[in-house]
Structures are given as C-alpha cells and as structure tokens.
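Undergrad: Got a structure here, written out as structure tokens. Questions coming.
The values are calculated or read from the model by the stated rules, or taken from the named source; none is laboratory data. No experiment lies behind these values; they were computed from the predicted model shown. Virtual Cβ from ideal backbone geometry, glycine too; neighbours counted across all protein chains shown.
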Amino acid sequence: MKNHLKNSILILVLLVWQFSAYSQDVIHQVSCFDSTLKKEADSLKASFYKQGYVVVREATMMMESEYEMPVIVPLTQGSWYQFVFIGDLSSKVYEVRMYDYNEKQVVYVKHYGQDKMGNIISYSYIPQFTEYHMIKPVQVNKVKKKNVCGYIMMLKKIK
C-alpha cells in the first residue's frame, strides 16, 4: 500500500512538472491602452454604424513587433463582416492575414506607415461556410519598440 501511494505521488508530481514546463510556451493575449488608437476606433465604429454594421467583437492587444498575434473568430456563412486592425502609429509595416478552418489563406492586406491612415487595415469578408477563422495581424515598429499596442474589431452588417 505504501509503495502504491509513493508511486501515485511521484506520478502526480511528474505530471504537474510536465504541464508547468509546457505552459511556458503559451502566448497570452494582454490588453493595452492607447488613446490615439481608441479615438481612431471610435471614429471608425461610428462610420460603420451608419453603413449598417454593429460591433461583434473588439479588443486591444499588446503585440511584439514583427510577430503575428493570432485571433480566432467564429463566422457565419453568408454574413457580411468588416474587419479592422489599427496598429501603433510608430510602426512602419502593418499586415493582416486571415485563414479559414482548413488553414487556407483567404485575405492578405499589407500597408506601409507612410500614409496618413497607413496604420489602419480594413477589409470586408463574406464566409462561404460557418466555421472558425484565424486572423493574424502583425506590425513592424520603426523605432525599435519591442511591444506595441494593436486594436482589432469585427463588425457584422445587420441592415
């Protein structure tokens, strides 16, 4: 009985150690606040609302320059969506890729930060199937900031 208890405790300790070792590789999404991004987002939301869209999801996220931040969203077949990504003004390149459930790239948009609205990527999308899609925004900062704030919105046409 003592050996069985010792073996059970040993197995439990090994399992906890194994899970803690793997948990260090997980990307955790952390929110951030940037008043400029918030003003741009509020302006865009008002504009899209006039066009018959409502905000379904929105979030700020702390991003590491040059690294994608995956965002998974459920989409309904035939619905008309508008996606918006707003990057930090001090970045020089902004990209958004979107993949369907089968990991097929369905959208790719790239902007350079020279334009007045270059930090904003907006595109519409009507999914062919009801399934999850993955959006992968990335931005490259020109002043070598490691962490930059990003803002992402998903809107759906209702009118």
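Undergrad: Can you list residue pairs whose Cβ atoms sit under 8 Å apart, with the first residue in the range 96-119 being aliphatic (A, V, I, L, M) and the second being part of a loop (DSSP other than H, G, I, E, B)? Count only pairs 6 or more apart in sequence or on different chains.
TA: VAL106/ASP100
Undergrad: Now a separate question. Residues that are part of a strand (DSSP E or B), under 19 Å from VAL109 (Cβ atoms) and of a type in the set (Ser, Thr, Tyr): does the range 58-76 have at least one?
TA: Scanning the range 58-76, I find no residue that is part of a strand (DSSP E or B), under 19 Å from VAL109 (Cβ atoms) and of a type in the set (Ser, Thr, Tyr), so the answer is no.
Undergrad: Let me ask something additional. Taking LEU89, is it at pLDDT 95 or above and either farther than 18 Å from MET154 by Cα or in contact with a strand residue (DSSP E or B) (Cβ under 8 Å, 6 or more places away or on another chain) (or both)? Can you show your working first?
TA: On the way: at pLDDT 95 or above: no; either farther than 18 Å from MET154 by Cα or in contact with a strand residue (DSSP E or B) (Cβ under 8 Å, 6 or more places away or on another chain) (or both): yes.
Judged against the criteria, LEU89 is not a match.
Undergrad: Just to be sure I understand the filter: pairs with C-beta atoms under 8 Å, separated by 6 or more residues or on different chains, first member in the range 73-85 and at positive phi, second member of a type in the set (A, V, I, L, M) and part of a loop (DSSP other than H, G, I, E, B). Which pairs pass?
TA: Once the first residue is at positive phi and sits in the range 73-85, its partners that are of a type in the set (A, V, I, L, M) and part of a loop (DSSP other than H, G, I, E, B) give GLY78/ILE126.
Undergrad: Being within 17 Å of the chain's Cα centre (by Cα) and basic (Lys, Arg) is the filter here, so list the residues in the range 116-145 that pass it.
TA: Scanning the range 116-145 gives a single hit, LYS136.
Undergrad: Also, quick follow-up: Tally up the residues in the range 113-128 that are surrounded by 13 or more Cβ atoms within 10 Å (Cβ to Cβ) and out of contact with any strand residue (DSSP E or B) (no Cβ under 6 Å at 6 or more places or on another chain), please.
TA: So the count comes out to 0.
Undergrad: With more than 25 Å from GLY52 (Cα to Cα) and buried (at least 17 other Cβ atoms within 10 Å of the Cβ) as the only criterion, which of GLN82, GLN139 stands out? Walk me through it before giving the result.
TA: On the way: GLN82 fails: more than 25 Å from GLY52 (Cα to Cα).
GLN139 is the lone residue from the list that is more than 25 Å from GLY52 (Cα to Cα) and buried (at least 17 other Cβ atoms within 10 Å of the Cβ).
Undergrad: Could you grab me the full set of residues in the range 42-60 that are of a type in the set (A, V, I, L, M, F, W, C) and modelled with pLDDT of 95 or more?
TA: Step one: filter the range 42-60 for residues of a type in the set (A, V, I, L, M, F, W, C), giving 44, 46, 48, 54-56, 59.
Selection gives LEU44, ALA46, PHE48, VAL54, VAL55, VAL56.
Undergrad: Within the range 117-142, which residues are at pLDDT below 95 and charged (D, E, K, R)?
TA: LYS142
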